[in-house]
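One structure follows; several queries about it will come next.
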Amino acid sequence: MIRFTTAGESHGEGLLVIIEGIPAGLTINSEDIDIELARRQKGYGRGQRMCIETDTVKIFSGMRHAVSLGSPIAMYIANKDFKNWTKTMSPTSVDSEEMPLLKPRPGHADLPGFMKYGVNDFRDILERASARETAARVAAGAVCKALLKEFEISIVSYTSQIGDVAADISSVEEDKIWHDTEMSYVRCPDAKASEKMVQLIKKAGEKGDTLGGKVVVVIKNVPPGLGSHTQWDLKLDGRLAQSLISIQAVKAVEFGAGTKLASLFGSLSHDEIFYDVTRGFYRNTNRAGGIEGGMSNGEPIVVSCTMKAIPSLANPLHSVNLATKETAEAEAVRSDVCAVPAVGVVAEAAVVVELAKALKEKFGGDSLKDMKKNVNIYKERIKVL
Ligand SMILES: Cc1cc2nc3c(=O)[nH]c(=O)nc-3n(C[C@H](O)[C@H](O)[C@H](O)COP(=O)(O)O)c2cc1C
Ligand SMILES: C=C(O[C@@H]1CC(C(=O)O)=C[C@@H](OP(=O)(O)O)[C@H]1O)C(=O)O
């Protein structure tokens, strides 16, 4: 089974990720992982921290000469900012003169974590709750991307909304969406909307406020039959939703037409089925977003994620001092104004890990060669259906 786990605090020494179950024989270039890490750091609206970090990966197990061995792949991403936090974040020294954080930010993990763990300083909570951890997820995702590429499965994401500015991608050439580098620095392929998004983020920052929005992830060439209808926790949509909604600040996940389906008649909700000798089964619409009955149906998987506005506001919200119980303004800490463009990259990682997992479940194989053989046999079988 493909699975991964991460470790590391936001201002600690660095992040660790171990991914298991990647078949042997897969070429993985660490430069490709670094490209993904750099993509996650970009985007208008990010705070000062992104000027400090230049994320790069150090692979220290599971590979030999840039090829996977089938054993756990362990990776490390250093926190450059650690040098500014050595005392505060020392894992061993008890010598700290830091003032405890006691004025919880509504929307962050501060208050529930403070109550749950009985800590005296909610830094003990925020350090791990922080979305710094998503760098580790992106590294794991980059490994799975390399695997999916072997099966010609491709993935892209873009920003579809920031605040009340929504993109209109109906007039954007498909190529532009698939060439991430051509997107603006809010990672939105609609040039007009991008400009408005930038202005909105700028305005929010000036007011000490923050913003959220929406990203869309599209995955092409997924073989039909990944995931299963037979058990609740095997359903592909459920599995993707769990991995996406676990991304910090993601509050909703929609497949295909998503929440719009609530208001549509059945005649306009589903994707009618056609058959052609060369194409096989196909659809002219994709309201289901490529998943029916918890299984991929061969159409592109289209999933969108809604991110709430960042909880740390420079113009802080009402809160309570946890020590005195007196009214207080929430802690105003260094923060992003908007991180929606980054969430697109993190969401890609979440999706590819889950798809790689489902692909390996269906086709097995300890080595890439065996897996490819099995995929080819399956593809031949469904071709003659
Ligand atoms: C890429 C990314 C960057 C983020 N940056 C910040 C930030 O700078 N400040 C902040 O308060 N929250 C930030 N968040 C959101 C918090 O991590 C998140 O709201 C918090 O962990 C609580 O989790 P929840 O919103 O899922 O309930 C960021 C989230 C992501 C995905
Ligand atoms: C470090 C990252 O994001 C961080 C996520 C985050 C939060 O509360 O989630 C708070 C900010 O951290 P800091 O307080 O150090 O500025 C972001 O910069 C990153 O994405 O690599």
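Coordinate-derived values only; no laboratory data. Note that the structure is predicted; figures quoted are calculated from it, not measured. Glycine also receives a Cβ, built like all others from the backbone with ideal geometry; neighbour counts cover every protein chain displayed.
Mind listing the phi-derived Karplus ³J(HN,Hα) values for segment 158-164, rounded to whole Hz, using 6.51, -1.76 and 1.60 with θ = phi - 60°, and x for any glycine or proline?
8, 7, 10, 7, 9, x, 9
Next question. Whole angstrom only: what separates the Cα centroid of segment 153-218 from the Cα centroid of segment 1-56?
23
Obtain the nm distance between the two label points defined at S367 and E380 by a simple spin-label model: each point lies 7 Å from its Cα along the Cα-to-C-beta direction.
In this crude label model, S367 to E380 measures out at 1.9 nm.
What aspartates and glutamates could a cross-link reach from K87, if we take a straight Cα to Cα line under 13 Å and drop same-chain neighbours fewer than 8 places away?
Counting by Cα, and skipping residues close in sequence, K87 has these aspartates and glutamates nearby: E13, D95, E97, E98.
Tell me, what is the percent relative contact order of segment 3-383, built from C-alpha pairs under 8 Å that lie six or more residues apart?
Normalised by residue count, the contact order of segment 3-383 is 22 percent.
While we're on this one: Given 0.36 nm per residue, what is the gain on full extension from D180 to D95 after removing their alpha carbon distance, in nm?
Result for the pair: 26.0 nm of gain on full extension.
When the chain is treated as a GNM, springs tying every alpha-carbon pair under 10 Å, which of G47, G14, G118 comes out with the largest mean-square fluctuation?
For the chain, modelled as a Gaussian network with Cα springs under 10 Å, the answer is G118.
Further question: Highest mean first, what order results for 15-28, 278-291 on Cβ atoms within 10 Å?
Sorting 15-28, 278-291 by mean packing, highest first, produces 15-28, 278-291.
Where in the chain are the DSSP H helices whose C-alpha atoms run 24 Å or more along the long axis and whose mean Kyte hydropathy is at least -1.0?
340-363
Another question, if that's okay. Can you give the net charge of the other residues whose Cβ lies under 10 Å from the Cβ of D336, counting K and R as +1 and D and E as -1?
+3
Over segment 218-356, what number does the Rg to Rh ratio reach, with both radii from the alpha-carbon atoms and Rh per Kirkwood?
Rounded to two decimals, Rg over Rh is 1.14.
Which FRET efficiency value, to the nearest 0.05, do you get for V119 and E206 by plugging their Cβ-Cβ distance into 1/(1 + (r/R0)^6) with R0 = 45 Å?
Here the calculated transfer efficiency is 0.85.
Principal axes first, then extents: for the Cα atoms of segment 263-323, list largest minus smallest coordinate on each axis, whole Å, largest first.
Ordered largest first, segment 263-323 gives principal extents of 70, 25, 20 Å.
Suppose every Lys and Arg Cβ carries +1 and every Asp and Glu Cβ carries -1, with no other charges. What dipole size does the chain come out with about its Cα centre, to the nearest 20 debye?
So the dipole magnitude of the chain works out to roughly 400 debye.
Counting other C-beta atoms within 10 Å, which of F265, F4, F60 has the fewest, and how do the rest follow?
Sorted ascending by nearby Cβ count, the order is F265, F60, F4.
Here's a follow-up. Per-residue ellipticity at 222 nm for the chain, helices alone: DSSP H runs ≥ 4 residues times -39500 (n - 2.57), over residue total, nearest 500 deg cm²/dmol?
-9500 deg cm²/dmol
Would you mind telling me which residue in I153, I177, I273 has the biggest mean-square fluctuation in a Gaussian network model of the chain, where springs connect alpha carbons within a distance under 10 angstrom?
Taking springs between Cα atoms under 10 Å, the residue moving most is I273.
Which of A252, G212, A135 sits closest to the plus end of the dipole of the chain, meaning its Cα is farthest towards the positive end, when Lys and Arg get +1 and Asp and Glu get -1 on the C-beta?
Selected residue: A252.
Then there is this: In Å and whole numbers, how far do the C-alpha atoms of the chain stretch along each principal axis, longest first?
So the three principal-axis extents are 72, 50, 39 Å.
In what order do H318, H11, H108, H270 fall by count of nearby beta-carbon atoms within 10 Å, going from fewest to most?
Exposure proxy ranking, most exposed first: H318, H270, H11, H108.
Shifting gears a bit: Can you pull the percent of Cα pairs in segment 11-98 with separation above 19 Å?
Tail fraction, whole percent: 52.
Using the count of nearby Cβ atoms within 10 Å as a rough guide to exposure, how do Y117, Y158 rank from fewest to most?
Exposure proxy ranking, most exposed first: Y117, Y158.
I'm checking a number: the convex hull volume of the Cα atoms of segment 320-385, normalised per residue, in Å³. What is it?
So the per-residue Cα hull volume is 211 Å³.
Then there's this: Once you have all Cα-Cα distances for segment 18-155, histogram them in 10 Å bins from zero and send the whole-percent values.
In whole percents, the pair-distance histogram is 10, 32, 29, 21, 8, 0.
Take the alpha carbon atoms of segment 174-265, find their radius of gyration, then divide it by 2.2 N^0.38 Å using N residues; give the quotient.
Dividing the Cα radius of gyration by 2.2 N^0.38 Å gives 1.39.
Among T6, S269, N376, whose Cα lies farthest out toward the positive end of the dipole of the chain, if unit charges sit on the beta carbon of Lys, Arg (+1) and Asp, Glu (-1)?
Positive-end residue among those listed: N376.
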